[in-house]
């Protein structure tokens with residue numbers, strides 16, 4: 001079995017964060033050559049489909065964006081319960097891997113930076129980010145999420161926690177503590193509905209006030 005920590009090695013082997021400049025700008029980039037690792041069922045140890053859907057609380061007519069959708073592992077879990085999902089990823093190679101697997105009819109793949117989303121104001125009912133918040137957590141990205149999310153829309157974030165043991169996911173110094181993540185969202189204008197830390201991860205649910 002592949003050690004997940006080897007996927008998140010920076011800067012030793014450049015596996016996760018391929019470009020130090022990109023990291024300094026506040027954006028991390030998962031190595032698309034390791035895209036197949038994103039399809040491992042072990043990911044459900046940290047966030048299950050049922051938990052994801054309970055946190056997101058989707059409805060059949062929702063339009064949703066999955067930020068850092070990668071190969072669509074979690075996008076596929078949301079798609080049957082909403083009208084449309086935008087699978088947003090910075091790397092076209094990730095979308096190529098998703099296309100090889102098969103993209104649901106109601107999923108539209110978008111190659112974009114979270115700080116510059118090609119959607120109209122108030123276009124989305126909810127936004128989810130599964131283990132990718134640490135890749136885009138800068139004020140410009142959070143402001144952009146707020147722009148495209150309708151008033152009252154929901155943001156659901158699950159990510160690796162800064163107080164975790166580092167058994168999987170990125171190194172602990174690349175992670176956020178739940179309080180810091182919630183504070184960033186609050187500073188961006190979101191109302192925090194839920195914020196909790198678990199052994200290796202955290203969850204934050206916020207509303208666009």
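The values are calculated or read from the model by the stated rules, or taken from the named source; none is laboratory data. Not measured: the values here are computed from a predicted model. Positions of Cβ are generated from backbone atoms using ideal geometry, with glycine treated the same way; all protein chains shown enter the neighbour counts.
Please state which one of 108, 120, 165 is touching a residue at least 24 places away in the same chain (Cβ under 8 Å) and under 17 Å from the mean Cα position of the chain (by Cα). Going through 108, 120, 165 in turn, just one is touching a residue at least 24 places away in the same chain (Cβ under 8 Å) and under 17 Å from the mean Cα position of the chain (by Cα): 108. Based on this model, can you work out whether residue 80 counts as touching a helix residue (DSSP H, G or I) at 6+ places or on another chain (Cβ under 7 Å) and either modelled with pLDDT of 95 or more or over 24 Å from residue 207 (Cβ atoms) (or both)? Here the answer is no, as residue 80 does not meet what is asked.
If we scan region 55-70, do we find a residue that is farther than 16 Å from residue 158 by Cα, crowded, with 21+ Cβ neighbours inside 10 Å, out of contact with any strand residue (DSSP E or B) (no Cβ under 8 Å at 6 or more places or on another chain) and in contact (Cβ under 8 Å) with a residue 12 or more places away in the chain? No, the conditions are met nowhere in region 55-70.
Can you tell me which residue is surrounded by the fewest Cβ atoms within 10 Å (Cβ to Cβ) among those in region 165-189 that are in contact with a helix residue (DSSP H, G or I) (Cβ under 7 Å, 6 or more places away or on another chain) and under 22 Å from residue 121 (Cβ atoms)? Per the criteria, the residue is 189. Of everything listed in (1) more than 23 Å from residue 49 (Cα to Cα); (2) over 16 Å from the mean Cα position of the chain (by Cα); (3) without any contact (Cβ under 8 Å) to a residue 40 or more places away in the chain, the single unmet condition for residue 151 is (3).
Here's the yes/no breakdown for (1) within 17 Å of the chain's Cα centre (by Cα); (2) within 21 Å of residue 167 (Cα to Cα); (3) at pLDDT below 50:
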{"residue": "7", "(1), (2), (3)": "yes, yes, yes"}
{"residue": "17", "(1), (2), (3)": "yes, yes, yes"}
{"residue": "48", "(1), (2), (3)": "yes, yes, no"}
{"residue": "52", "(1), (2), (3)": "yes, no, no"}
{"residue": "99", "(1), (2), (3)": "no, no, no"}
